[in-house]
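Bear in mind these aren't lab numbers, they're just calculated from the coordinates by the rules spelled out. Here the structure is a predicted model, which means the values were calculated and not measured. When we count neighbours, we look across all protein chains shown, and the Cβ atoms used for this are built from the backbone with ideal geometry, even at glycine.
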Amino acid sequence: MSSRDLTDLRIAVLGTGANGSGIGADLVDAGLDVTFIDQWPDNVQSIRDHGVIVDMRGDVRTVRVPILHLCEVATITRPFDVVLLLVKAYDTRWAVELIKPHVAPDGVVAGVQNGMTGDVIVDVMGADRAVAAVIELTAAMYEPGHVERQSDRSRTWFAVGAPRAESRHHIPVVASLLRHAGDVEEVDDITSPKWMKLVLNAGELLPSAVLDTSIVECARVPGMREVMTDAGDEALRVAELEDITVRAIFGMEGDAASDPATFMPTILDELCANYVLPESRSTILQDWMKGRHAEVNDINGLVVEMLRRHGEPAPVNQAVVEFALDIEAGVRQRGMHNREPLLARIDELRQA
C-alpha cells in the first residue's frame, strides 16, 4: 500500500503510554489520520491540553493529536480502518472487545505488544481481522503526555504477521504504518518472532525489575547475567517442545543469533550494546514505579506454565515470578538486596 493510500485510513492507537504515544506521534508527523485512546486520565488530559511531547534523547518535539478516554469510546461514530493495540498483554481481551464495534467491517486490530496475544485478538475479532506484531522500542513515560524515547527509528524494530491465513492481506497495511516508526519485517510465521521476543523479555525484564536496576546494570551484577540467560534458555526449551522455530530477530544475522545454544547471550549482548541505554529501565520496572500490575504472568509466568504442561520444571522463571508476585503484593520490596535470596531460591528449585 502506498503512502497516499495510508492517508485514506482512519487509525486508532489504543493504549498511548510510552510506546503507543511515540509510535502514534510518528504516524501523525507522517500526515496520517490518527486518534489516541487511553485509560490514564492524567495522560488523556495532558495530551489534550498540550499535545504529546516526545523527547528523542534531547531532540524534543510536540505533536498535536486528538485523544479519547476509554469512557468516550462509545461516542465514536466513524469506524476505524486500523487499530494499533498497545495495551498491556493482560488487558488485551477487554480492550479488543471495547474497540470491536468501532472497527470497520474490513478493518483490522494489530497487537503491537509483548506477550503471545495474537490468538486473543483472533478470538474476539475473527480470523480475518487480527494481526500480531513484535515490537522492540525502548521508551518510558514517567509523566503524563511526556515520552522519553531512547531508541530512535534506526534502532526500533517490528515484525508483522497474521496469526491466521485469513488476515494475511492486512500485513502490508500494518507494516506500512509501522515503517513510519522503525524498521519492519513482514513474516509468514508470526509465532516464531513473537516467542523469540518473549525469550528475550523473560531474561531482561523481570530479573532487572526485581533488583530495581536498569537492564544493562543487571547484566553486570555478579550472578545475574547467568539468571538472565538461563531464564531465556528455559523459554527456548518451550520453543523446542512446541516446535517453534528459533530465529534471529532485530535484523540480527549469523548462526549465533538462531542457534538455541547461543541465542540468549547473543541477543542480550546486542540489546545492551545497541537497543537500550545504560539507564533504560524495563517495562515491568516502569509499571512498578507507577504502582501498577506488570506482565509477570504473561511472560515469565507463561514459560513456567508451558514447561509445566510438558512435565518439566522452570526453576529460574519460577523463582523470579515468585519474587515479582511478592513485590506486587507488598510482601517484598524491589532492590539489590534480592540478589542473594533470588540466587538461593533458584538453587533450591533446581535441587527439588
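Here are a few things to note about the model shown:
- DSSP beta bridges in segment 4-104 [antiparallel fraction, %, rounded to 5]: 30
- Residues of the chain were split at every exposed loop site, defined as GluC sites (Glu not before Pro) in a DSSP loop with at most 15 other C-beta atoms within 10 angstrom, and the longest piece left, sites excluded, is 1-241.
- One Cα centroid belongs to segment 1-46, the other to segment 263-285; the line between them spans 26 Å.
- Considering only alpha-carbon pairs that sit under 8 angstrom and 6 or more positions apart, the relative contact order computed for the chain is 14 percent.
- Calculated log₁₀ intensity ratio I(q)/I(0) where the Debye formula runs over C-alpha points of the chain, q = 0.09, 0.11, 0.13, 0.15 Å⁻¹: -0.46, -0.70, -0.99, -1.32
- Sequence of Cys272, Cys218, Cys71 once ranked by neighbouring C-beta atoms within 10 Å, starting from the fewest: Cys71, Cys272, Cys218
- Rounded to whole Å, the principal axis extents of the Cα atoms in segment 237-352 read 43, 38, 24, largest first.
- Segment 121-146-segment 298-352 distance, computed between alpha-carbon centres (Å): 26
- Relative contact order, percent, segment 168-264 [alpha-carbon distance under 8 Å, six or more residues apart]: 27
- When each of Leu271, Leu27, Leu206 is scored by the number of other beta-carbon atoms lying within 10 Å, the sequence from fewest to most is Leu271, Leu27, Leu206.
- Spatially close Lys pairs in the chain, defined by Cα atoms under 24 Å apart and a spacing of eight or more places or different chains, total 5.
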